[in-house]
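Chemist: Attaching a single structure in structure tokens format; questions to follow.
The values are calculated or read from the model by the stated rules, or taken from the named source; none is laboratory data. Quick caveat: nothing in here was measured; it's all calculated off a predicted structure. FYI the Cβ positions are ideal-geometry reconstructions off the backbone, even for glycines, and counts take in every protein chain you see.
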Amino acid sequence: ALGAPSDLSVTSLGLQGARAESLGGNDPDLLLGQRWRWGMADDLTFLGDGRFTIDTDSETTWEQSRVRTLGIALEGQTTLLAGRHSIRHGGPRLLDGLQVLAHPVNNPQLDLGGWVGLMPDPFDTQPLIRPGLGPTLAINGSTLSASALGELVFGSGGLDRVGALLQARGNWAPTLFLNSRLDWLLTDAQGRSGLADGAASVTYRPSDALTLDATYNAFSTLRYQTTGILDPTVRRFQQRVVDLGLDDPALADTLDPTIQQSVGAGVKLRPDGGGVQPVLGLSGQHRAHPVPEERFTRVGPQLGLIGLLSGRLELLSDLQVLLSEGRLLSDAGINAIWELSDSGAVLIDTSARAMIDPVGYGEARPGWYADLFVDGVTPSSTVIALGVSWTAEPSDVVGTDVGWAGFLRLQQWIRPGRGSAPAASRSGRGGPSPKPPPAPVDPDADEDAGIPEGMRDAPSPSSPGEGAPE
């Protein structure tokens, strides 16, 4: 039975649906999810992480099946991962096989080993006959961490890919945080080589109140990309269902041979002196591409107040100006985040926006968007996430296209020795509160934290940052 402080069981049940006047409705999708971290012996742990979407009106009832982890981990002087798991220090790569990492006695911060097995599809997680192997080297320092992973992969027609993934992270808290990734293709079945994916980010905090950040992102696949990077018009509701694991951010792993590039920067002034304080911010993002339809530039100032109602209410307003596909779009809105109690047991997050797109709408009349999210944690460690959204946009077909969408997700947490489930956070999702440093360079680096799929903090759609897939 579960008993160790590191043990974890999270069961997820979810429901989502949407309807638009111009398109009609869609049948609700049901979500079933389960994650385990189950100690079987002193150093032996069973790991499982699966998510299934059911559509009763579809030809395929099991619309989506995502099994990202199903195996064991043996931790000690040598780490052994067996079964289905994310390759450690391998980014989004999955493996049906074995990974061994040795930690020398004279240098326990060093990981030295390799992996071998079959590589499933990183998006739909379906098994594939893609045998692969490669070495792994990582140094895990207190301020600087770096890793290198090689891969030699074969497909049904022979050689599939030869490549390397290099990652590095610097953490000189509380002032400077650096993050970088280079996914390099040495050769593939078509003889191509060069940069496949890469990113770099820096966050500088000269004081507790001031944060400056900058990012660079280059990609030819969707393996590392979030919805906000791919679609500049994504709404908060669309991003939230992805963050909660109710939907997939992307269903294909290739775009085109052209490297797409994105740069972003932001500055935020958020005093922490107690009482009611103003918040000021400015963010920008530009995505470059030879095809004009794929380019966009976005700039957005933010203004708000924090510390209202004894520190439990935040009011934030922003303006987003977007140049995309040769047309100028803009939207403005206000966002309220209300923590109903000091314990963070219930959090309400709501926003309303006016959307201006004369070219897209065919008229000057604006569109409207509103949403409401409620996150709560019960005394029995049940995490509840509820969300609804409403849109009304000009349409030459129905006059005004009114649409709505909603979701409900329930999670039952079992965490022996660690009390109840984590409180609702100001990111609007259950789980640990967001932290100033960038996300780890390795998407599985938070495995030991026991944060379940869909509850990891991710950049907001208006942020120029980028996060891990899933």
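Chemist: Read through the list (1) within 25 Å of the chain's Cα centre (by Cα); (2) farther than 17 Å from residue 223 by Cα; (3) part of a strand (DSSP E or B); (4) polar (S, T, N, Q), then give the number of the only condition that residue 180 fails.
Modeler: The number of the failed condition is (2).
Chemist: A further question follows. When the residues of the stretch 262-307 are filtered to those that are surrounded by 14 or more Cβ atoms within 10 Å (Cβ to Cβ) and at pLDDT below 90, which remaining residue is nearest to residue 50 (Cα to Cα)?
Modeler: 294
Chemist: Now for a different question. In the stretch 210-250, which residue that is basic (Lys, Arg) and modelled with pLDDT of 80 or more is farthest from residue 176 (Cα to Cα)?
Modeler: Checked the stretch 210-250; the qualifying residue farthest from residue 176 (Cα to Cα) is 235.
Chemist: Considering only the stretch 294-345, state which residues are part of a strand (DSSP E or B) and in contact with a helix residue (DSSP H, G or I) (Cβ under 9 Å, 6 or more places away or on another chain).
Modeler: Matches in the stretch 294-345: 314, 315, 324, 327, 328, 329, 335, 338, 339.
Chemist: Scan the stretch 195-228 residue by residue and report those that are closer than 27 Å to residue 158 by Cβ and in contact (Cβ under 8 Å) with a residue 40 or more places away in the chain.
Modeler: 195, 219, 220, 222, 223, 224
Chemist: All but one of (1) in a loop (DSSP other than H, G, I, E, B); (2) surrounded by 16 or more Cβ atoms within 10 Å (Cβ to Cβ) hold for residue 380; which doesn't?
Modeler: Condition not satisfied by residue 380: (2).
Chemist: With respect to the numbered conditions (1) more than 19 Å from residue 215 (Cβ to Cβ); (2) part of a strand (DSSP E or B), which one is the sole condition not fulfilled by residue 129?
Modeler: (2)
Chemist: Residue by residue through the stretch 118-173, note down the ones that are among the polar types (S, T, N, Q) and under 25 Å from residue 193 (Cα atoms).
Modeler: Residues satisfying the conditions are 136, 147, 156, 167.
Chemist: Now, a different point. Can you pull out the residues in the stretch 382-401 that are within 30 Å of residue 11 (Cα to Cα) and not β-branched (Val, Ile, Thr)?
Modeler: Those that are within 30 Å of residue 11 (Cα to Cα) and not β-branched (Val, Ile, Thr): 385, 386, 387, 389, 390.
Chemist: List, please: which pairs have Cβ atoms under 7 Å, are six or more places apart or on different chains, and start with a residue in the stretch 42-54 that is among the small types (Gly, Ala, Ser) and end with one that is buried (at least 22 other Cβ atoms within 10 Å of the Cβ)?
Modeler: 48/35; 48/69; 50/33
Chemist: A further question follows. Looking at the stretch 145-161, which of the residues that are farther than 14 Å from residue 93 by Cβ and of a type outside the set (Gly, Ala, Ser) is surrounded by the fewest Cβ atoms within 10 Å (Cβ to Cβ)?
Modeler: 159
Chemist: Residues of the stretch 345-360 being small (Gly, Ala, Ser) and modelled with pLDDT under 95, which ones?
Modeler: Correct list: 345, 360.
Chemist: Here's a follow-up. Looking only at the stretch 383-399, which residues are assigned to a strand (DSSP E or B) and at pLDDT below 90?
Modeler: 395, 399
Chemist: Would you say residue 363 is in contact with a Pro (Cβ under 8 Å, 6 or more places away or on another chain), surrounded by fewer than 16 Cβ atoms within 10 Å (Cβ to Cβ), closer than 30 Å to residue 282 by Cβ and modelled with pLDDT under 95?
Modeler: No: the conditions fail for residue 363.
Chemist: For the stretch 200-209, indicate whether the set of residues that are more than 30 Å from residue 279 (Cα to Cα), crowded, with 18+ Cβ neighbours inside 10 Å and either at pLDDT 90 or above or more than 23 Å from the chain's Cα centre (by Cα) (or both) is non-empty.
Modeler: no
Chemist: Quick test for you: out of 371, 375, pick the one residue that is buried (at least 17 other Cβ atoms within 10 Å of the Cβ), touching a helix residue (DSSP H, G or I) at 6+ places or on another chain (Cβ under 9 Å) and in a strand (DSSP E or B).
Modeler: Matching residue, one of 371, 375: 371.
Chemist: Moving on to the next point. If a residue must be under 22 Å from residue 215 (Cβ atoms), out of contact with any Ser or Thr (no Cβ under 9 Å at 6 or more places or on another chain) and without any contact (Cβ under 8 Å) to a residue 40 or more places away in the chain, how many such residues does the stretch 176-193 contain?
Modeler: The qualifying residues number 1.
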